[in-house]
1. If you go through the range A:149-157 one residue at a time, do you hit one that is of a type in the set (A, V, I, L, M) and free of Cβ contacts under 8 Å to residues at least 40 places away in the same chain?
2. Exactly one of these conditions fails for B:ARG126: (1) surrounded by fewer than 18 Cβ atoms within 10 Å (Cβ to Cβ); (2) part of a strand (DSSP E or B). Give me its number.
3. Out of everything in the range A:356-367 that is surrounded by 21 or more Cβ atoms within 10 Å (Cβ to Cβ) and either touching a Lys or Arg at 6+ places or on another chain (Cβ under 7 Å) or part of a strand (DSSP E or B) (or both), what residue ends up being farthest from the other protein chains (Cβ to nearest Cβ)?
4. Can you confirm whether A:PRO409 is at pLDDT 95 or above, crowded, with 17+ Cβ neighbours inside 10 Å, outside any strand (DSSP E or B) and not hydroxyl-bearing (Ser, Thr, Tyr)?
5. Within the range A:113-123, take every residue that is in contact with a strand residue (DSSP E or B) (Cβ under 8 Å, 6 or more places away or on another chain) and more than 10 Å from chain B (Cβ to nearest Cβ) and give me the one that is surrounded by the most Cβ atoms within 10 Å (Cβ to Cβ).
6. What number of residues in the range B:256-293 are more than 7 Å from chain A (Cβ to nearest Cβ), modelled with pLDDT of 65 or more and outside any helix (DSSP H, G or I)?
7. Test B:ARG135 against the criterion of being in a loop (DSSP other than H, G, I, E, B) and surrounded by fewer than 21 Cβ atoms within 10 Å (Cβ to Cβ), and give yes or no.
8. When you go through (1) at the interface with another protein chain (Cβ under 8 Å from one of its Cβ atoms); (2) in a loop (DSSP other than H, G, I, E, B); (3) at pLDDT below 75 one by one for A:ASP93, which number turns out not to apply?
Amino acid sequence: MAALHEHRVDVADLLVDSTDDTGMDLLRFTTAGSVDDGKSTLIGRLLYDSKTILADQLEHVEAVSQARGDEQVDLSLVTDGLRAEREQGITIDVAYRYFATARRKFIIADTPGHVQYTRNMVTGASTANLAVILLDARSGVVEQTRRHAFIASLLGIPHLVVAVNKMDLVGWSEARFEEIRADFEDFSGKLEVRDITFIPMSALTGDNVVDRSAHMDWYQGTPLLYHLEHVHIASDRNLIDVRFPIQWVVRPRSSDHRDYRGYAGQVAGGILRTDDEVVALPDGLTTTIAGIDTLEGSVAEAFPPMSVTVRLADDLDLGRGTMLARTTNQPRVEQDLEAMVCWMSDRPLSVGAMLGLKHTTNRVRAKVVDIVHRLDVNSTHRDPDATGLNANDIGRIRLRSTAPLVYDPYQRNRATGSFILIDPATNATTAAGMLLDR
Amino acid sequence: MTTRLSHLRALESEAIHILREAAAECERPVLLFSGGKDSIVLLRLAEKAFRPGRFPFPIMHVDTGHNFPEALDFRDRRVEELRERLVVASVQASIDAGRVVEEAGPRSSRNQLQTVTLLDAIAEHRFDAAFGGGRRDEERARAKERIFSHRDEFGQWDPRNQRPELWNLYNADLRRGEHLRVFPISNWTELDVWQYIHAEGLEVPDIYFAHEREVFRRDGMLYAVSPHVERLPEEEPFTARVRFRTVGDMSCTGAVSSDADSIEDVLAEVATARLTERGATRADDRVSEAAMEDRKREGYF
């Protein structure tokens, strides 16, 4: 492992920049790839070089690796701490890991490569700004690579990094790197990912992970960590369509705040401003924003993902599940819905099923009207004859909900276009859903 | 005006959303408060989520009877300032009622016993959601735990059968007798917590800062001398300048040698620490490889 060095956090930065909005921000990314692609080594290096793995964790991991007879220190053991995981040497679930540099705090959703693969990657991808897809430079683009890229695209992750790993094993060959890039671009043209960056690296030797490689002068780009620190994510949010799902009504009824009625929630789109004319959906009542409150006092505007409390000029008596939007830019209000879903339950999805549906802060029930097709994530082939979806299947379905949903297509807004399905018999979360433009 | 949000404000916003979501979807939530820094941050986040209204839940402290007096004083002062309702669940009462049996000997601790007291209190008050200050960076079992974490009718956690957690859409559905543990600061690190305490100017108990204290050495850790901990003959007390990184029971929380007597110094110390906070100071996690997982399975915090 490389020595600890300049990427450690400077204490002065911690004090000055901690809440200043010109300071450090937050990037969530997901990593996809199997252990064989060097994923654990890569994450281990990021964590270790940013001084996130501490001495007791490292000692523990070394001891366990040694006891198991591993040839190398297995850094997945840093978070694979459940009994079953250690006993079977597998990763059960999405693991969240954290590290920070002076510029950014990072949350990694590390998804295992084998068990329940699709379910786990969809879960990790749902909150990610960026996906790192790892592949082995010797084998190049394989079926799994296509599957990873497809899921990243389906979940609307705006930025993709294709980490071409183990370049040391192909003689740091520019020709091999370009060949892999061309292969990837061959199929990625069909995907809806706006920004794809290719980085040749060796996680094992540390080339182009934190420090620029001395072996690949031909590579003009930046190392991975630099890219993660600088990738522009501010405009990934939808700052155009004002969307504010009411989550909670603040009504103190106290002597100090006798008539206070505030609508609390997290901004899901656009920029809310005082005096904006807004419509409350699905009811359709219109009013204006009288004020936007936080504990520190009123603010002039609020944008995603701020949690605020909005006061309205008129006494409308709105409740949880209502969405505020600009009168001039309204979301859809519909009961007939079409969506891509990733099914996550061992009980298959079938037409006619009645399920719980949670969308923004709204809770309804929905009936499965039709399974339009099942999608093969490896070939992206569509099977229109599918009659059900099994665990880890992805498909396009039609639903009818018991009450209208106030939504935008997922491609337009991840916050107002996503939903989950809940099995009323078991209360289990059985699907991740992305609403489509009908 | 910029539409950029600092990492702390993004984490804060996520936590406020989680608090409101659980409060809206659950019938009878409760906020677990230990007097430690994580639960102090939770209280501030609850103010941000619900003021100028009252908290839609009481605050509950599981009192082992072996708490640091500084933490108890702090608890009472803070609840008074907030003018919210405090419920105290007492491990001593569980012992007196014969629900649990006190461990004996120098290595005894009431840490394990808390689980019974906590679950009894949840059942007695019919709480269906308990907010906790757990963080995923603390410990490996916690790293895999959901933000809305399901507990069955026995209070058990089943790590292999957790609900997938997608976007910010949390599933709070329960059967009768089950409950949720909800962790609004899951995604915060120890450093984030201290940065937030600094940014918000939050008060924390004095024991987090360097002070002179009578301690003794056990298993490479420093413990406070107290009537609750029996010392072995070779465990000679001595005075040292220490601070605590976590605030648990006096019987299982170790101190670290430190000169950090301000939040700035503590931040500097945390940023350059070589050991995780639990690795450095918590005997309860040292029992076995999966000590936390085992306790959590039974219903621990």
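1. Filtering the range A:149-157 for residues of a type in the set (A, V, I, L, M) gives A:149, A:151-152, A:154-155, A:157.
If we keep only those that are free of Cβ contacts under 8 Å to residues at least 40 places away in the same chain too, we end up with none.
Checking the range A:149-157: not a single residue is of a type in the set (A, V, I, L, M) and free of Cβ contacts under 8 Å to residues at least 40 places away in the same chain.
2. Among (1) surrounded by fewer than 18 Cβ atoms within 10 Å (Cβ to Cβ); (2) part of a strand (DSSP E or B), B:ARG126 violates only (2).
3. Of the residues in the range A:356-367, the ones surrounded by 21 or more Cβ atoms within 10 Å (Cβ to Cβ) are A:357-362, A:366.
After this cut, where a residue has to be either touching a Lys or Arg at 6+ places or on another chain (Cβ under 7 Å) or part of a strand (DSSP E or B) (or both) as well, the list is A:357-359, A:361-362, A:366.
Numbers: A:LEU357: 10, A:LYS358: 5, A:HIS359: 8, A:THR361: 7, A:ASN362: 10, A:ALA366: 14 Å.
The residue in question is A:ALA366.
4. Values: at pLDDT 95 or above: yes; crowded, with 17+ Cβ neighbours inside 10 Å: yes; outside any strand (DSSP E or B): yes; not hydroxyl-bearing (Ser, Thr, Tyr): yes.
Taking the combined requirement at face value, the residue satisfies it.
5. From the range A:113-123, those in contact with a strand residue (DSSP E or B) (Cβ under 8 Å, 6 or more places away or on another chain) are A:113, A:118-119, A:121-123; that's our starting set.
Those still in the list that are more than 10 Å from chain B (Cβ to nearest Cβ) too: A:113, A:118, A:121.
Values: A:GLY113: 20, A:THR118: 19, A:MET121: 29.
So the residue we want is A:MET121.
6. Qualifying residue count for the region: 8.
7. Numbers: in a loop (DSSP other than H, G, I, E, B): yes; surrounded by fewer than 21 Cβ atoms within 10 Å (Cβ to Cβ): no.
When the stated conditions are applied, B:ARG135 does not pass them.
8. Going through (1) at the interface with another protein chain (Cβ under 8 Å from one of its Cβ atoms); (2) in a loop (DSSP other than H, G, I, E, B); (3) at pLDDT below 75 one by one, A:ASP93 breaks only (3).
The values are calculated or read from the model by the stated rules, or taken from the named source; none is laboratory data. Remember, it's a predicted structure, so these values are computed and weren't measured experimentally. Don't worry about glycine lacking a Cβ; one is built from the backbone with ideal geometry, like all the others, and counts go over all protein chains shown.
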